[in-house]
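Undergrad: Right, I'll just put the structure down here and ask away after.
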Amino acid sequence: HLTSRAQEKNTYELQSSSMPLTDRKVRIIAHAFFDGCVRYVPNKGYYLCYVNKSPSLIRQFKEDVKSVYGVEPTYEDSNKIEVKYCRKRIAEDLLRYSPSFSTSGKKNPAVPMDIITGPPRWKRLFLRAFWDDEGAIRYSFESDGKRTFHPRRVLEAFCANSHFRKQLVALHQSIGVDCREQGKKIILSRLDNLKRFSKKIGFRRGVTVKL
């Protein structure tokens, strides 16, 4: 249950979960924001789900949930791209960190304060999950003024919620990686900056970006 202070301020940023935050739990929280969800559906109950076409990411998510909460998925689709946990205690625990896990809904989701103020590796894990779930590589071409066009690599990721998008930009900047908002996307560019991204955040093993 929320503390009285958190209830009065109507914020989850002041609330610490009954289960301590760990590296694995940071990843669970991050994936729940991006390619997952944490919800309460009337007459159906609470659930946590994650959907991703990467077998590696699905496997990692299942291992993380098993390690943190000690349970296997309630449901796993035949193509093994979706897992769902119909467990009230898991959903209630995660909802202590943010009032919503929907980055496109009416309620403002929030990067948990425990992650914002936590060790740099938690910021890196959170951002890696963001890029694993939402990231894409785009190539654009720039002219050198002599009718010659040079390819430029750009990383971009979609985030519909303005408040959450600004928090993600600030999180990148706090660990020395430059990025900017462009509409509803977060953009990373410049070779030196992409190299910092690769070193400080990167993608899960098996996903590589040639710079």
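Undergrad: Here's a check for you: in region 186-211, which residue that is surrounded by fewer than 14 Cβ atoms within 10 Å (Cβ to Cβ) and either charged (D, E, K, R) or under 18 Å from P120 (Cβ atoms) (or both) is modelled with the lowest pLDDT? Spell out the reasoning first.
TA: Residues of region 186-211 that are surrounded by fewer than 14 Cβ atoms within 10 Å (Cβ to Cβ), as a first pass: 190-192, 195, 199, 205-206, 208, 210-211.
Remaining after also requiring either charged (D, E, K, R) or under 18 Å from P120 (Cβ atoms) (or both): 190, 192, 195, 199, 205, 210.
Numbers: R190: 88, D192: 91, K195: 91, K199: 91, R205: 67, K210: 45.
Within region 186-211, the match that is modelled with the lowest pLDDT is K210.
Undergrad: Would you check if P73 is touching a helix residue (DSSP H, G or I) at 6+ places or on another chain (Cβ under 8 Å) and under 20 Å from C159 (Cβ atoms)?
TA: Taking the combined requirement at face value, the residue does not satisfy it.
Undergrad: Taking region 51-96 as the region of interest, how many residues are open to solvent by 30 Å² or more (accessible area, probe 1.4 Å) and of a type in the set (D, E)?
TA: Count: 5.
Undergrad: State which residue is nearest to M19 (Cα to Cα) when the search covers only region 45-91 and only residues that are of a type in the set (V, I, T) and in contact with a Lys or Arg (Cβ under 7 Å, 6 or more places away or on another chain).
TA: Residues of region 45-91 of a type in the set (V, I, T): 51, 58, 65, 68, 71, 74, 81, 83, 90.
Of the ones still in play, those that are also in contact with a Lys or Arg (Cβ under 7 Å, 6 or more places away or on another chain) are 58, 68, 71, 74, 81, 83.
Numbers: I58: 23, V68: 9, V71: 15, T74: 21, I81: 27, V83: 22 Å.
Result: V68.
Undergrad: Could you grab me the full set of residues in region 171-189 that are under 18 Å from K199 (Cα atoms) and more than 12 Å from the chain's Cα centre (by Cα)?
TA: Residues satisfying the conditions are H172, Q173, S174, I175, G176, V177, D178, C179, I187, L188, S189.
Undergrad: Is it the case that some residue within region 19-42 is over 23 Å from R121 (Cβ atoms), of a type in the set (S, T, Y) and open to solvent by less than 70 Å² (accessible area, probe 1.4 Å)?
TA: Taking every residue of region 19-42 in turn, none turns out to be over 23 Å from R121 (Cβ atoms), of a type in the set (S, T, Y) and open to solvent by less than 70 Å² (accessible area, probe 1.4 Å).
Undergrad: Still on this model: State the number of residues belonging to region 97-113 that are under 17 Å from H31 (Cβ atoms) and open to solvent by 50 Å² or more (accessible area, probe 1.4 Å).
TA: 1
Undergrad: Here are R121, R152: which of them is out of contact with any Phe, Trp or Tyr (no Cβ under 6 Å at 6 or more places or on another chain), modelled with pLDDT of 90 or more, open to solvent by 40 Å² or more (accessible area, probe 1.4 Å) and basic (K, R)?
TA: None of the other options fit; the residue is R121.
The values are calculated or read from the model by the stated rules, or taken from the named source; none is laboratory data. Computed from a predicted model, the values in this text were never measured in an experiment. Neighbour counts run over all protein chains shown; Cβ positions are idealised from the backbone, glycine included. Accessible surface is based on the protein model in full, side chains and every heavy atom, while ligands, DNA and RNA are left aside. Shrake-Rupley method; radii C 1.70, N 1.55, O 1.52, S 1.80 Å.
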